[in-house]
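*Asks:* Below you will find the structure I want to go over with you.
The values are calculated or read from the model by the stated rules, or taken from the named source; none is laboratory data. Note that this is a predicted model, so its numbers are computed, not measured. Backbone-built Cβ (ideal geometry, glycine too); neighbour counts: all protein chains shown.
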Amino acid sequence: MLELTLIQKIAIFAIPVIFAITLHEAAHGFIAMKFGDKTAWMLGRVTANPIKHIDPFGTIGLPLLLLLLSKLSGGGAFLFGWAKPVPVNFSALRHPKRDMIWVAAAGPGANLLMALFWGLMIQAGHMLGGSSLSLPLMLMGGAGIFINAILAALNLLPLPPLDGGRIAVGLLPRGPALALARIEPYGIFILLGLLFTGLISVFTTPLINFFIAVVRTVTGLSASEINSILMILLR
């Protein structure tokens, strides 16, 4: 089986990771603008330009560090990162409790759309046949599906301040919603605990598999093909 060097892995993952993280944030700002809050738009954050969203550590440094550690340890890669959060003034939304659901769901929704795009890039790699661009494009497509499925699943965890937490707050009755919202100051510590103990996989693994299945269904890729690409990327 093809063995990738660390530099090759970084080159393959770089574009999918940067856009997965930054367009996730841009989607929040875009939907907020549509529902009445122009805060992100006025700050220039409703854009596909990654430079506007990049957090030097969360978008570049941490994913590179995790990729390096996974390579040195010989284990599977787990990529995690974030962009600068898009500011949303929920009180400016026309229907704050309802519209908050759509603003929060926009991020994972953008990741699913990007996963579909990268699935099509694998198909484009097939169409290139024996071209020197064929394999790199297919590997980058696999990386794009992988990272976007992870980010969509992770952000749907019903834990404030993650998107899933905000969706849950918007859907729950007032009493339970307020109780869940109070967890937000401690949410990042709970998330880190779930990550380090591995318990987070109980929630995220079924969702990741679901998103990859959606990509397969829409793009016509087979499970064995995606698995073969991921095995190369995650060795």
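*Asks:* A223 passes all but one of (1) more than 17 Å from the chain's Cα centre (by Cα); (2) free of Cβ contacts under 8 Å to residues at least 60 places away in the same chain; (3) over 30 Å from M138 (Cβ atoms); which number fails?
*Replies:* The number of the failed condition is (3).
*Asks:* Also, I was wondering about something else. Would you check if M42 is farther than 30 Å from N227 by Cα, at pLDDT below 95 and of a type outside the set (G, A, S)?
*Replies:* Considered against the rule, which asks whether it is farther than 30 Å from N227 by Cα, at pLDDT below 95 and of a type outside the set (G, A, S), M42 comes out as yes.
*Asks:* Could you tell me which residue of region 121-134 is modelled with the highest pLDDT, considering only residues that are surrounded by fewer than 16 Cβ atoms within 10 Å (Cβ to Cβ), hydrophobic (A, V, I, L, M, F, W, C) and part of a helix (DSSP H, G or I)?
*Replies:* Residue satisfying both the conditions and the ranking: A124.
*Asks:* Any residue at all in region 208-229 that's basic (K, R) and within 25 Å of H28 (Cα to Cα)?
*Replies:* Within region 208-229 (the criterion being basic (K, R) and within 25 Å of H28 (Cα to Cα)), the answer is no, since none of the residues qualifies.
*Asks:* Quick check on this structure: which one of R166, R216 is among the basic types (K, R), at pLDDT 90 or above and under 27 Å from A32 (Cβ atoms)?
*Replies:* Testing whether each residue is among the basic types (K, R), at pLDDT 90 or above and under 27 Å from A32 (Cβ atoms) leaves just R166.
*Asks:* Taking A223 and the conditions (1) buried (at least 18 other Cβ atoms within 10 Å of the Cβ); (2) farther than 25 Å from A14 by Cβ, which numbered condition does it fall short on, given that it satisfies the others?
*Replies:* (1)
*Asks:* Among the candidates F211, F203, single out the residue that is buried (at least 16 other Cβ atoms within 10 Å of the Cβ), modelled with pLDDT of 95 or more, in a helix (DSSP H, G or I) and not β-branched (V, I, T). Before the answer, list the steps.
*Replies:* Numbers: F203 fails: modelled with pLDDT of 95 or more.
Criteria check complete, one pass: F211.
*Asks:* Among (1) in a helix (DSSP H, G or I); (2) at pLDDT below 85, which single condition is A104 missing?
*Replies:* (2)
*Asks:* Taking region 121-160 on its own, how many of its residues are touching a residue at least 60 places away in the same chain (Cβ under 8 Å) and either among the acidic types (D, E) or under 26 Å from A27 (Cα atoms) (or both)?
*Replies:* Qualifying residue count, region 121-160: 18.
*Asks:* Determine which single condition P176 fails, assuming it passes every other condition in (1) surrounded by 14 or more Cβ atoms within 10 Å (Cβ to Cβ); (2) over 30 Å from L6 (Cα atoms); (3) not aliphatic (A, V, I, L, M).
*Replies:* The failed condition is (1).
*Asks:* What's the total number of residues in region 1-45 that are without any contact (Cβ under 8 Å) to a residue 60 or more places away in the chain, surrounded by fewer than 22 Cβ atoms within 10 Å (Cβ to Cβ) and outside any helix (DSSP H, G or I)?
*Replies:* 4
*Asks:* Quick check on L62: is it aliphatic (A, V, I, L, M), at negative phi and either out of contact with any Leu (no Cβ under 7 Å at 6 or more places or on another chain) or modelled with pLDDT of 90 or more (or both)?
*Replies:* When the stated conditions are applied, L62 passes them.
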